[in-house]
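Working notes, structure below.
The values are calculated or read from the model by the stated rules, or taken from the named source; none is laboratory data. Given the structure is predicted, the values throughout are model-derived calculations rather than measurements. Virtual Cβ from ideal backbone geometry, glycine too; neighbours counted across all protein chains shown. Just so you know, the surface numbers come from the protein's heavy atoms only, side chains and all, with ligands and any DNA or RNA stripped out. Shrake-Rupley method; radii C 1.70, N 1.55, O 1.52, S 1.80 Å.
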Amino acid sequence: MAQMIDGKKIAAEIREQIAADTKKLVEETGVRPGLAVVIVGDDPASHVYVRNKKKACEQVGFYSEEHALPEQTTQQELMALLDRLNQDPKIHGILVQLPLPRHLDEQAVIERISPKKDVDAFHAMNVGKIMIGNFDFLPCTPAGVMELIHAAGVSVSGKECVVIGRSNIVGKPMAMLLLHENGTVTICHSRTQHLPEVTRRADILVSAVGRAKFVTADMVKPGAVVIDVGMNRDENGKLCGDVDFAAVEPVASYLTPVPGGVGPMTITMLLKNTLTSAQKTAQGK
Ligand code: NAP
């Protein structure tokens with residue numbers, strides 16, 4: 001039976017440390033980490049994410065502000081807001097909640113955020129730095145996965161690592177972080193042939209596909225560490241991951257639940273990046 005990796009507990013411990021570091025930063029330098037969250041339109045799920053991010057900021061003692069813009073916001077209006085936030089000394093991190101309404105150019109918006117305040121690490125400059133291995137911020141979800149792997153006491157070095165999914169926000173950076181820790185990494189996607197054969201090689205299997213019950217027991221090597229990034233709804237509308245949990249639990253050595261696995265880590269890493277940015281500001285960097 002797999003041991004559960006408790007993302008909620010690990011996230012709470014890291015947030016306690018972030019709160020302590022924030023208190024110290026404010027006392028010693030007067031700099032309070034500030035996060036601005038920008039949301040365009042009225043997608044209910046996105047509004048829930050934004051509320052959670054704001055609440056998390058308050059819990060660790062950050063300053064935070066929310067900019068909820070109407071669906072019909074123009075590219076120019078959004079760019080003007082980002083320019084203001086880039087200049088605002090109270091703000092150390094800027095997050096634009098994605099996806100944006102279709103009429104807006106998402107990539108141009110990401111590139112408009114100052115790389116120093118790009119706490120999602122989506123800006124091309126930060127992506128490039130991650131590739132080189134000399135980075136300021138790590139993208140939140142893959143960074144959270146690495147924290148979970150570390151907390152379980154699993155070493156990545158020399159292991160066969162398979163990532164299913166190649167998105168810019170999860171799959172690709174995930175593969176890079178595993179590579180930085182000397183994993184032997186394979187990235188799978190919708191054109192991968194004989195997927196179960198490939199995934200069965202994995203000592204560490206990360207699934208970021210977005211389909212319920214996608215990872216079945218026959219895709220998992222006995223004793224593998226299985227990290228489930230997926231956030232889906234099952235046939236009863238309940239939140240679930242990509243992994244067929246009941247079937248994979250007896251096969252894996254470690255497994256992350258959904259909810260309570262990767263999810264709580266993502267916001268935690270966002271807080272960590274915002275704190276890092278504020279610390280750099282305090283040091284005049
Ligand atoms: P995405 O952009 O839709 O990417 C999905 C990836 O899965 C693509 O690379 C796609 O391949 C691949 N894929 C689709 N069908 C496949 C198949 N049959 N075999 C192999 N690969 C297949 O999604 P994402 O943004 O990376 O997110 C992935 C999941 O993680 C979603 O459920 C999302 O909600 C969740 N997520 C969770 C968190 C969190 O905090 N827990 C954060 C971010 C995302 P192609 O490239 O070939 O199309």
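A few remarks follow.
- Acute angle (nearest 10 degrees) that the helix 75-87 long axis makes with the longest principal axis of the chain, alpha-carbon atoms: 80
- Taken over the C-alpha atoms, the chain has Rg and Dmax values of 19.1, 56 angstrom.
- One chain, two ends: A246 and A282. Fully extended at 0.36 nm per residue, the span grows by 8.1 nm beyond their Cα-Cα distance.
- Largest first, the extents of the alpha carbon coordinates of the stretch 52-125 on the three principal axes equal 35, 27, 19 Å.
- Degrees between helix 7-29 axis and first principal axis of the chain (Cα, 0 to 90, nearest 10): 30
- DSSP-assigned coil residues among GluC sites (Glu not before Pro) in the stretch 145-245, each with at most 11 further Cβ atoms within 10 Å: E235
- Accessible-area composition of the stretch 31-115, carbon plus sulfur, in percent [1.4 Å probe]: 51
- Counting only protein heavy atoms and a 1.4 Å probe, the chain has 48 square angstrom of accessible area per residue.
- Of the trypsin sites (Lys or Arg not before Pro) in the stretch 1-89, those whose Cβ has at most 10 other Cβ within 10 Å and which sit in DSSP loop: none
- When you filter the trypsin sites (Lys or Arg not before Pro) in the stretch 115-191 for DSSP loop state and at most 12 other Cβ atoms inside 10 Å of their Cβ, you are left with R191.
- The sum of -39500 (n - 2.57) across all DSSP H runs of n ≥ 4, divided by the residue count of the chain, sets its helix-only mean residue ellipticity at 222 nm to -13000 deg cm²/dmol.
- Here the spin labels are modelled as points 7 Å beyond Cα on the Cα-Cβ line, and at E106 and K238 they lie 3.0 nm apart.
- Largest-first ellipsoid semi-axes for the stretch 140-263, taking √(5λ) over the Cα gyration tensor eigenvalues, angstrom: 19, 15, 15
- Largest to smallest principal axis extent of the C-alpha atoms in the stretch 131-186, angstrom: 24, 22, 19
- More than 13 Å apart - percent of Cα-Cα pairs taken over the stretch 228-271: 57
- Reachable lysines, given that their alpha-carbon falls under 27 Å from the alpha-carbon of K54 and they are not under 8 places away in the same chain: K8, K9, K23, K24, K90, K116, K117, K238, K272, K280, K285
- Folded to 0 to 90 degrees: helix 140-151 orientation relative to the chain principal axis, Cα: 50
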